[in-house]
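The values are calculated or read from the model by the stated rules, or taken from the named source; none is laboratory data. None of the values given here were measured: they were computed from a predicted structure. Positions of Cβ are generated from backbone atoms using ideal geometry, with glycine treated the same way; all protein chains shown enter the neighbour counts.
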Amino acid sequence: MIKVENLRKSFGTNVAVNDVSFEVAPGEVLGFLGPNGAGKSTTMRIITGFIGADAGRASVCGFDIAEQPIEAKRRIGYLPEAAPSYGEMSVASFLGWVADMRGLVGDARRKAIAQAVDACSLGSVLQQDIDTLSKGFRHRTCLAQAILHDPDVLILDEPTDGLDPNQKHEVRQLIRRMSERKTIIFSTHILEEVEEACTRAIIIDGGHIVANGTPDELKARSDRAGAVLLTLGGGDAPGLGAAIAALPGVGRVETVEQSGEQTQVRAYAGGAERGSALAARLAAALAGGRWPLLAITAEEGRLDDVFRAITHSDVVRMEGAGS
Amino acid sequence: MSAGAAPVRAIARRELAQYFGSPVAYVFLVIFLLLAGIFTFTFGAFFERGEASLIAFFTWVPWLLLFLVPAAGMRIWAEERRSGTWELLLTMPVTVWQAVLGKFVASWGFLGLALLLTFPFWITVNWLGQPDNGVIVSAYIGSWLLGGAYLAVTCMTSSFTRNQVVAFILAVVLCLALILIGFTPITDLLARYLPIDVVDTIAGFGVLTHFDGLAKGVIALRAIVYFASLIVLPLFVTAAVIRNRGR
């Protein structure tokens, strides 16, 4: 398990991580989200002991990374951001070296290497130099290095970066398979990945944690969460919008798409009734009316809306500074 | 002890494998032996001396190693920094000191091998006459210690930067300074302006002063302590630099 308390780290005048605290329990998969430069990698580098924090503590399985670094590092498997490895070594000798560094000997060593090779599908390239491999294989070689000693804690910095969709899927499956017995943190830019593989997500921006919850909880923060999407026959959008807005329980109404004889509108909840309850009421109210109801859906909210609403990309910041 | 030595061994083995897995080792060995031969038999006037000793070879060792050791060692940390592999290495359960030591030991061992491969010189001189083999052993030990000192300095400069060329140049400059402060033409020059005690003290920090003794068969404790410090001190700086990464 991982415990992070009031972590702070700055490089020069740039504060990379500012008062970050969270805990991850065994069995949890924590998705670490945030725009580039938000402090994700820095936080992970502090937890794994690659760099020291200016203030605050990080501990892994009860071992403080600053005070008992060796004990803590024994329990961590780490995939750094660019998945570095010694390019002039073959996959087999690289993994052999990692096993030696992890203190594995004899049968345990052989078994650990075989399992990691198997889990990362590296069997076909064992004797090849890492330099000569494709990016996907190089990435998985480094991932194999991280899981080789069957660590209690896995810290993966963008584990699916640069992989093709099939490989991405495999890595997510691997993370899910391993999650039962381990504590896992992984960072990503891909929001579907969070919904697919994480039990919880943290969004970090400008060095601060701006959201922390299950993917469903985060989605509920989207303003679209609880809204109802209606598809109606008939082309008269302005009148249609006004008519729906006049129905009880409806707040704002927006036209999503209008094409010929069909209009799609989104009705935001105006009262306490949301989601499917609101959808049921609207369906009843519109039944037999002027516009035939073709489809109706209660919206869950979308993670990328939440992400955009609470984080600021570098581009936006630059534009803001320029104007 | 054994628990602490295992990662050092693993790191050292990997370093050695890296030397021999790339052309670096072979290029280094060939060039070292070639230059050693040329310097010994032409500029060193091995035959013209008419004496059964390897002094013609050992005179050139400090100058040969001055360029070859930094060339062999410049990548030791700079390459780890450039390729980001030190993030792997240093998040393994090893101390910084173990990593620094493992890398140094491997390269120093390689250097020892290079020196041993000059054995044809030793055979030649024993075939031609009756040299004092004790002196030769002492001179070999001196050469290895000197190479170790250069190598430790190179490790240090290599830890400063991710650029191997910068590491090489810095190492050559520092090692050259260590030679020159004890080099007779320089000390003679200094003696014109400074009291002789001061010049002697300065020369005492130079590698030549101590190496010459060992090359002549005088295994002085002072020389051993000198070279040991010159190995340990830069390695401590290296460890401190690596420990302060990311600040």
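Among the residues of the stretch A:91-103, is any touching a helix residue (DSSP H, G or I) at 6+ places or on another chain (Cβ under 8 Å) and on the phi > 0 side of the Ramachandran plot? Among the residues of the stretch A:91-103, at least one is touching a helix residue (DSSP H, G or I) at 6+ places or on another chain (Cβ under 8 Å) and on the phi > 0 side of the Ramachandran plot, which makes the answer yes.
Taking the criterion of being within 9 Å of chain A (Cβ to nearest Cβ) and either of a type in the set (K, R) or without any contact (Cβ under 8 Å) to a residue 24 or more places away in the chain (or both), the residues of the stretch B:81-94 that qualify are B:S83, B:G84, B:T85, B:E87, B:L88, B:T91.
Put simply, of A:I155, A:I147 the only residue that is of a type in the set (A, V, I, L, M, F, W, C) and either within 14 Å of the chain's Cα centre (by Cα) or away from chain B (no Cβ under 14 Å) (or both) is A:I155. Restricting to the stretch A:14-32, name every residue that is within 14 Å of chain B (Cβ to nearest Cβ) and either within 23 Å of A:A197 (Cα to Cα) or of a type in the set (V, I, T) (or both). A:V17 - this is the single residue of the stretch A:14-32 that is within 14 Å of chain B (Cβ to nearest Cβ) and either within 23 Å of A:A197 (Cα to Cα) or of a type in the set (V, I, T) (or both).
Of A:I147, A:I155, A:I185, all but one fail to be under 20 Å from A:F307 (Cβ atoms) and either β-branched (V, I, T) or in contact with a helix residue (DSSP H, G or I) (Cβ under 6 Å, 6 or more places away or on another chain) (or both); the exception is A:I185. For the residues B:I76, B:I38, the requirement of being within 14 Å of chain A (Cβ to nearest Cβ) and either in a helix (DSSP H, G or I) or modelled with pLDDT of 95 or more (or both) singles out B:I76.
Considering every residue within the stretch A:119-128, establish whether at least one is in contact with a Lys or Arg (Cβ under 6 Å, 6 or more places away or on another chain) and at pLDDT 95 or above. The answer is no; no qualifying residue exists. Considering the stretch A:148-245, the qualifying helices (runs of 4 or more DSSP H), each wholly inside and each with 3 or more residues that are surrounded by fewer than 16 Cβ atoms within 10 Å (Cβ to Cβ) and at pLDDT 85 or above, run over A:165-178. Can you find a residue in the stretch B:181-197 that is of a type in the set (A, V, I, L, M, F, W, C), at pLDDT 90 or above, more than 30 Å from B:L88 (Cβ to Cβ) and in a helix (DSSP H, G or I)? Looking through the stretch B:181-197, none of the residues is of a type in the set (A, V, I, L, M, F, W, C), at pLDDT 90 or above, more than 30 Å from B:L88 (Cβ to Cβ) and in a helix (DSSP H, G or I).
Determine whether the stretch A:33-51 contains at least one residue that is within 27 Å of A:T141 (Cβ to Cβ), assigned to a strand (DSSP E or B), more than 14 Å from chain B (Cβ to nearest Cβ) and modelled with pLDDT under 95. Yes, that holds for at least one residue. Checking B:V105, B:V100 one by one, the residue that is away from chain A (no Cβ under 14 Å), buried (at least 22 other Cβ atoms within 10 Å of the Cβ) and under 22 Å from A:Y86 (Cβ atoms) is B:V100 and no other. Restricting attention to the stretch A:75-86, does a residue exist that is among the aromatic types (F, W, Y), within 12 Å of chain B (Cβ to nearest Cβ), free of Cβ contacts under 8 Å to residues at least 12 places away in the same chain and not in a strand (DSSP E or B)? Taking every residue of the stretch A:75-86 in turn, none turns out to be among the aromatic types (F, W, Y), within 12 Å of chain B (Cβ to nearest Cβ), free of Cβ contacts under 8 Å to residues at least 12 places away in the same chain and not in a strand (DSSP E or B).
Residues of the stretch A:252-273 that are over 11 Å from A:G233 (Cα atoms) and of a type outside the set (A, V, I, L, M): A:R252, A:E254, A:T255, A:E257, A:R266, A:Y268, A:G270, A:G271, A:E273.
Would you check if there is a residue in the stretch B:200-207 being under 30 Å from A:I47 (Cα atoms), more than 14 Å from every other protein chain (Cβ to nearest Cβ) and polar (S, T, N, Q)? Within the stretch B:200-207, not a single residue is under 30 Å from A:I47 (Cα atoms), more than 14 Å from every other protein chain (Cβ to nearest Cβ) and polar (S, T, N, Q). For the stretch B:208-247, the set of residues classified as away from chain A (no Cβ under 14 Å), free of Cβ contacts under 8 Å to residues at least 60 places away in the same chain and within 27 Å of B:E87 (Cβ to Cβ) consists of B:F236 only. Checking each residue in the stretch B:41-64 for being assigned to a helix (DSSP H, G or I) and free of Cβ contacts under 8 Å to residues at least 40 places away in the same chain picks out B:F41, B:T42, B:F43, B:A56, B:L64. Flag set for B:F28, criterion: more than 14 Å from chain A (Cβ to nearest Cβ), in contact with a helix residue (DSSP H, G or I) (Cβ under 7 Å, 6 or more places away or on another chain), surrounded by fewer than 21 Cβ atoms within 10 Å (Cβ to Cβ) and touching a residue at least 40 places away in the same chain (Cβ under 8 Å).
Candidates in the stretch A:52-74 are the residues that are surrounded by fewer than 18 Cβ atoms within 10 Å (Cβ to Cβ) and at the interface with chain B (Cβ under 10 Å from one of its Cβ atoms); of these, the one that is nearest to A:V20 (Cα to Cα) is A:D54. Any residue at all in the stretch A:93-112 that's among the polar types (S, T, N, Q) and more than 8 Å from chain B (Cβ to nearest Cβ)? Within the stretch A:93-112, not a single residue is among the polar types (S, T, N, Q) and more than 8 Å from chain B (Cβ to nearest Cβ).
State yes or no: is B:T238 of a type in the set (S, T, Y) and touching a Gly at 6+ places or on another chain (Cβ under 9 Å)? The answer is no for B:T238.
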